[in-house]
1. How well do other chains shield peptide B:191-204, expressed as the mean number of their Cβ atoms within 10 Å of each residue Cβ?
2. With a cut-off of 13 Å, note down the residues of the range B:60-78 whose backbone N falls inside the zone around a label point 7 Å from the Cα of B:LEU292 toward its beta carbon.
3. What are the ³J(HN,Hα) couplings of the range B:284-301, residue after residue, when phi is run through the Karplus curve with 6.51, -1.76, 1.60 and θ = phi - 60°? Round to Hz, x for glycine and proline.
4. State, as an integer percentage, the relative contact order of the range B:106-176 based on alpha-carbon contacts under 8 Å between residues 6 or more apart.
5. Which value, in Å² rounded to 10, gives the accessible area of B:CYS101 with a 1.4 Å probe and all protein chains present?
6. For the interface of A with B, what's the total buried accessible surface in square angstrom, probe 1.4 angstrom, rounded to the nearest hundred?
7. Mind giving me the FRET efficiency for A:SER238 and B:LEU221? R0 is 41 Å, r the Cβ-Cβ distance, nearest 0.05 is fine.
8. Return a whole-number percent for the relative contact order of the range A:148-212, with Cα pairs under 8 Å and 6 or more residues apart as the contact set.
Amino acid sequence: MADKIVVHDFNLYYGENQALKDIELNIEEKKVTALIGPSGCGKSTFLRSINRMNDLIPGVRTTGSIKIDGKNVYSEEQDLVLLRKHVGMVFQQPNPFPLSIYDNIAYGPRIHGIKDRKKLDEIVERTLTQANLWDEVKDRLHSSALGLSGGQQQRLVIARVLAVQPDVILMDEPASALDPISTERLEELIIQLKEEYTIVIVTHNMQQAARVSDMTAFFLNGEIIEYSETNRLFTNPSDSRTEDYISGRFG
Amino acid sequence: MAQPLSNETVESKPSLSEELRKPLPKILQTERRGRILTFVSSWVLIVILFSLLIFITSKGIAPFIKGEVSFSNFFSTTWNPSANAYGSLSFILGSLIVSVCAALVSAPLGIGAAIFMTEIAPNWGRKILQPTTEILVGIPSVVYGFVGLTVIVPFIREQFGGLGFGLLAGVIVLSIMILPTIVSISVDTFQSIPRHIREGSYALGATRWQTISRLLIRTSLPGLMTGVVLGMARAFGEALAVQMVIGNSTNLPFDLFTPISTLTSIITLNMGNTVQGSTYNSVLWSMALILLIMTLLFIVLIRWMTKRRDQLQ
Ligand SMILES: Nc1ncnc2c1ncn2[C@@H]1O[C@H](COP(=O)(O)OP(=O)(O)O)[C@@H](O)[C@H]1O
Ligand SMILES: [Mg+2]
């Protein structure tokens, strides 16, 4: 299998505080990779390093490299707009814009220069269908996205990401604000999406990691303690700290 | 009485549940007193408001009812009280045009400053610009008028000729005066947009400018408009500063450089010089009524827009 993202010797500092230490990780193409670990261990920080959302935070410094398709996203010539177009992100709190459902989806394509109404219509329908939301909203595309339920909002946000045609999708605890039924629908969607996309998902929920992911990385205090196939990591961890964590002894 | 179970509440002290079940008479008394106090003060407010409304309305419509002035006389442009011509249209238009122009000048400046303070240089903005706007709000209007009189009027006179007094001077003074109102309401509006909305936009590859122009301004439009209308209402009701620079002539307000009048400037200039009960004096009340009606319209507009904003968020 081809490696989509290759992280080498990556360190991140918030001012003086080192939040990520010597991260080494190869993320495979068209697989779901789960990041697990206790709160504050650096999962979100790592995820946000991949699309350089951390650039928005003053005082952040990094060393090492994160290569996507062989190109270091931290190199001088990396275009941030292009990077974020290729690497979509879904946040913990569903964050639809206070616009109509249609305008939420069309926002990204419009930013990247698509103006043609027919083309936008087509993108809206295709991505909402991909996100299993079309049937629920096709009659109210022009009403506010804030009227949707939490689960629908999160699927809308995923459709919005799909609309800019990324090849990597990063998800930071996307189900943590959802009820069990919405969570189940979201997990189905994630499994469905990995046919076409490389997905990296942070989750607090170990059953969820086990259900949706192919590979799992266990983070602790800014380091990756163990990284292997999800099945193996959960049934036969090689590090005792991983075992302690997955058996619920801390975290 | 049952024995208390814990040994902390041994003697006469009643248990918490007992205390909650029968509130002490003292609490009831304070409660009653508080209720009476708030009841009375809200009624005082309502009575004052309605007496004012009734007073101004009755005073304002009196000259028309008594037949001293006809509507066509009042809404004409000939102002010559000694010949019984009370045409106030120039002043009504003067008030409207000067405040609309001031809002048009201030809106882009104020919203731009707010964007700078919240989106572009939040640190610098909060440390320097925010206190600055607060100070600007606190400066009394006579000071604005005075500055207008000593700086802006001579400047216009030198640059464009004429007297310097007039619509342009009024617009400049008023737009400076209402700028802080527009800035602070716009800042509040931008700051109320949650951070994850901005991040959602950046994560889709939007630049900062795209995020500002396509998302932030668009979603905060009702709030921004509220600030602009509030500023316009303030300009509309302002008397002193305007009267000091506007020239106080009865010309129609269609030229930037000729002296004109507004409803407020006519009222403040003449209320002391007219005889109580005279037609002239009564017509000033009619102008006050027009001011009142316009202000009410502004308030209705603002309420409607804030409601729309709250629905969107
Ligand atoms: N914006 C920030 N500024 C400073 N420190 C931060 C910031 N965000 C996160 N951190 C710190 O980095 C560490 C990792 O946080 P985070 O990546 O959010 O962990 P996780 O997502 O695993 O819960 C924590 O110690 C946290 O306090
Ligand atoms: Mg996190």
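1. 6
2. It comes to B:60-63, nothing else.
3. 4, 5, 4, 5, 4, 5, 4, 4, 4, 5, 4, 4, 4, 4, 4, 5, 4, 4
4. Across the range B:106-176, relative contact order equals 23 percent.
5. Number for this one is 40 Å².
6. Interface between A and B: roughly 1900 Å².
7. E between A:SER238 and B:LEU221, to the nearest 0.05, is 0.15.
8. Over the range A:148-212, the number comes to 41 percent.
The values are calculated or read from the model by the stated rules, or taken from the named source; none is laboratory data. Given the structure is predicted, the values throughout are model-derived calculations rather than measurements. Counting neighbours? That spans all protein chains shown, and the Cβs are built from the backbone with ideal geometry, glycine included. To get the accessible areas, we keep the full protein, side chains included, count just its heavy atoms, and leave off ligands, DNA and RNA. Shrake-Rupley method; radii C 1.70, N 1.55, O 1.52, S 1.80 Å.
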